[in-house]
1. Give the number of residues within segment A:574-608 that are assigned to a loop (DSSP other than H, G, I, E, B), modelled with pLDDT of 50 or more and over 36 Å from the mean Cα position of the chain (by Cα).
2. Taking the condition of being closer than 17 Å to A:Leu603 by Cα and in a helix (DSSP H, G or I), how many residues in segment A:624-635 meet it?
3. Among A:Thr146, A:Thr178, which is the only one that is closer than 30 Å to A:Met86 by Cβ, modelled with pLDDT of 70 or more and surrounded by fewer than 18 Cβ atoms within 10 Å (Cβ to Cβ)?
4. Consider B:Val249 against the criteria (1) within 14 Å of chain A (Cβ to nearest Cβ); (2) under 30 Å from B:Thr113 (Cβ atoms): it satisfies all of them except one. Which criterion is unmet?
5. Determine, yes or no, whether B:Met268 is within 21 Å of the chain's Cα centre (by Cα), away from chain A (no Cβ under 14 Å), closer than 23 Å to B:Pro373 by Cα and part of a strand (DSSP E or B).
6. Can you name the residue in segment A:5-39 that is within 10 Å of chain B (Cβ to nearest Cβ) and within 16 Å of B:Pro345 (Cα to Cα) and is also modelled with the highest pLDDT among such residues?
7. Any idea which of (1) within 14 Å of chain A (Cβ to nearest Cβ); (2) not in a strand (DSSP E or B) is the one B:Gly285 doesn't satisfy?
8. Just checking, how many residues over segment A:41-58 are surrounded by 17 or more Cβ atoms within 10 Å (Cβ to Cβ) and more than 8 Å from chain B (Cβ to nearest Cβ)?
Amino acid sequence: MEVIERTKEMLEAEIKQLTNQLRKTNRKIERLERDRRIMAVLFDQSAKLRNINDAEVKRQSFYNTILLENSPDIFFLLNTELVVRMVTDQFYKISNLNIQVVDLPIRTALCSVLSNELITNLEKHCREVMSSSQTQSFIEHVDTSTSLNRIFEISISPARSKADNQILGVILVFRDITDLVKAKERAEEADQAKSNFLANMSHEIRTPMNAIIGMSEFILRDAPDSIVREHASQIKTASHSLLSIINDILDFSKIEADRFELNQDKFSLSSVLYNVVAIATARMQDKDLKFELNIDPSIPYTLIGDERRLQQVIINLINNAIKFTPHGSVTLHIWPEILSDNKLHLHCSVSDTGIGIKEEDRSQLFQSFVRVDTTRNRSIEGTGLGLAICQRLVKRMNGKITFYSVYGLGTTFTFYIECSYSGKETLGVIDSKDLRNESQSFEPTFSAPNLNILVVDDNTVNLKVAQGIFKSYSNNIALATSGIEAIELAEKKTFDIIFMDHMMPIMDGEEAMQHIRQLPQYAETPIVVLTANTISGARDSYLSMGFSDFLPKPIDLKQADAILAKFTPVEFKQDFANNGSFVPNPIDQEILEQVAAEGKEKLLLLPKLVEQKDIKNYTIQVHALKSVAALIGRKSLSEHALAHEKAGKAKNLRYIEKDLDSLLYEYRALLEELATKTKVYVSEPESEPQVNLQKLSEDQFAEIITRFEGALEDFDLDLLTEFINETKHYQLNPTQLNILSSMQAAAAAFDYDKLNELIVLLKSKKGE
Amino acid sequence: MAAKTVYTEEIDDLELAAAELHAKLKDFHIMKNTLGIVFCDVETDEIALVEELHKYYDFPIIGATTVAMITTEDGYKDTGISLMVLTCNYGEFCADVTEELTAENAQEEITKTYNKIKTSMNTPEKLALVYAPQMTHLTGDSIVNYLTAINPDVHLFGGIASDSFDLTSNRIFYNDISSRSRIIIVLIGGNIHPVFQQQYSIIDDKGVMSEVTKSEENVVYEVTGGKLLDVLNLKGMGIAKADAYIEFVGSVFEANIKVDNGEYISVMRDLRSVNVEDGSAVFLGNVPVGSKMRLCMLNKENITNSVKGAFKDVIAQIKDHPDYKYTTFLCTSCAGRFLNLATEPDAEGKACQELLPEGMTICAMYSYGEICPTYTPTGQCYNVFHNKTFTLVAF
């Protein structure tokens, strides 16, 4: 039994093992069957997809053919031997060839179309493309069968096998870009015209802007009412912003029009840093920002280059950094890379902890008139020109500007420029605190009580302003209102420095300077030109005339200080004698009185000059009137005078004659207003002798009134103006004359109601 | 935490299978809290297997059937049983299984089970493992959505059990319960820092995307251009059989699905079946209206690269936690991917073995749907149900 049991157990175990083996074998068979089935499906599906792909390939091939054959461009496919393998129909259309060029060498295919020289050149480029694998393109003028001198862009690129990337030949594309080139030229011309217009406009806008800024400063200083001061402060801030925008546009226009030259003068980086720190500090006043300087002390002390342009780039980048950094810090880092004994790369970086630049905005950062992330930066003002200007300036200075930014964390702009340097002296350690302390107030850097200064300007208001500025340095200031007077003064007394207005009547500043230079004691005396002409290159032009330097109007205190510091002999200089704060002599009561008093004469002089047809002096007078009016904030009068100045320059006497009364009317209104403030009354034209004029009878007066009324009824203002001018040839009393002047102004303004009132008024004044 | 994966080829003699697995775990120290995860051939009697294993161990055992598996030492295997043992003293592995789920009770039952497990835990859950059978009345997306709704901060990982491609015999099991309509949830708490990655591999043929204009969960009726089947027919991809999973195993639909922050994430969708009458198609995952989808071929050549990519990314993430010792890789890969490997079915397994960092263990199953978190282009993390994707978690 035991044996049977054991045998049974063994058999059962064997059966179990066999059963398991059978299961495993069956399972393997089933899996193989499953896998076979799946492989069949996969094969079937990939066949289907292959069919779809083949259909797609055929469709694409069809589309490719349509695309190539309908393209206005000519396509050639050449093999490595430069034999034509394919060419599009456009070639036959343009060349008018009847023979097939496929399988012909490109030289043969093109011999009747292109010059031998051009074909040789093409072949050379094709071989270069095959050996370098780099696409080449160039532009050629070609005479086609249908028109002469067409301009083609010829592009040659390698033709590669998709399978193994091997170069099989080249693809030659001829694109007719004649129209494009012409359009580009037209666009460039238009762009040039735009740049010129912008430059001119910006220049014209600067003058009244300076007056607005100046006057707001005076209000800030003089007005006791805090609200008025607040408003003036806002005007000043806004005006500065506007001026900065205008300056950007002006500058960019000049750069675009390539109307600027880089100076190659000696300068020290410390003076650049002085200004940079002053401006940065002022800009950061209302912000929770720290300004840090990291200046490499090994930078050579004497650099040679364009100090102003370098400063402009740095300030622009710093201004941007401040604008876009709500808190944290702005860091300026400057270091040299010495290239040779006299050349270096000056590297600067401006880093901020600001809002950073979005990835998608980065590509347009240096484009002109583009402001990035406008949604977020709407409150931040600007033209979008700053970086475009920086990039162009840096490029002109043989440098490069780059940036690195992490959106939300900050931005670093880095640039370098090529500079020359001289000497072995280095800049040494620069502490931003020192620079900041220096730049906090406008105080003269020295005084020279015994310095003899002569200021020459036909505009007495300007003279007052200059006097106010220079008296902080010296007590010996002489003033001259003309070139001749200046020469007379210079003959009598030796001046150490002369400031000379350029544009003056009778004898202009240049002529006066040359006369003075003839005097033995003035051969080396600094004569500095005063001018509102700040166009790039103006300084060089004045220096070439013989002026020692150039001080732009309105006079900037720091620039004046720098000029005086430059030309004041050491023995005259003293440390601060001036204990009070340094402010220019205000345009105060005294100046207004001067304007009023000068106006009295000018009001008579202007019509006289017109009558004498002395356009030259008339232009000089209205030029001065324009400045005076701007200086005291009379924009409208200033613009009116500017229009006359322009007319004078254009010798447009007709305009001047027609509009003179209107200008005088406006000028008179100003003077009358000033009279109430200054007690200098405008004298009535009674001083003008009318002895030779015919007296008006009552009938004549009545007739004149009737003619006025008739002309007015017909709305014929030309006729009315004619009648007014005729009436002035009679002897009239001042009141009547005033009314007539007012009528002329009202006619010029098409103010029919006012004219009606004035005629009624004149009627009532007949017996006076 | 410690983990070890062992494997036996034996699926017929389960006493022998359990003995072999036990022998391979001989030197492995079992700690206070332990969980066993079994992936086994669909022909395995899983209840008998668990019974045999429980003769050696008293920890809970969860599992799912699979068409193939990958283990640390044996790599890819298309049959057999793998057992991964997770053990620790200070963490927790708490598992349970839901009641039978219907479309109607699914959310309630899943929530109930989840909360029940959570109540039994002493620490907050950091990761939830989810294994489910392939059900026609409940999609993987629904399971993911219901679980995410309970605790959106918990990452989900897991997959859908697979079988021999009949799609009807796959099942999950928890101790002595085996089911085709329940799901297993494991909540893991304690000091773990799970890191994830998922990658798919398609041929980017830049085909035209069609917008889904009419769909309900995983049934797509219409896309731009008409009924889905009509559009496929036009493309030359007409389907004759209702049961289309195998017919389309070599291809996949890429779907760009909008998530609730407005961004799109790209997921793969497998075609399961079609309804020739109404021109609709049933997918293994949801395709909402507004999604953009296109038919792509699986990129067979690049499948192993996608495994490598996922591994490299997870390993890089591991380096961000230098103070935490990672021991375990769990992986779910798509059954369709391994079918496409054809003559080289062990390619993914080899890649896993090659890239597995020393001292770590891995256990993978091939599934009918993968559950793994995914990041949107701006880095927002969402729990997502995938198809035809290789997914990986390390903890």
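1. Residues that pass the stated criteria total 2.
2. Looking only at that region, the number is 6.
3. It is A:Thr178.
4. Of everything listed in (1) within 14 Å of chain A (Cβ to nearest Cβ); (2) under 30 Å from B:Thr113 (Cβ atoms), B:Val249 misses just condition (2).
5. Against the criterion (within 21 Å of the chain's Cα centre (by Cα), away from chain A (no Cβ under 14 Å), closer than 23 Å to B:Pro373 by Cα and part of a strand (DSSP E or B)), B:Met268 qualifies.
6. A:Lys28
7. (1)
8. 0
The values are calculated or read from the model by the stated rules, or taken from the named source; none is laboratory data. Bear in mind that the values here come from a model prediction, so they are computed numbers and not experimental data. Neighbour counts run over all protein chains shown; Cβ positions are idealised from the backbone, glycine included.
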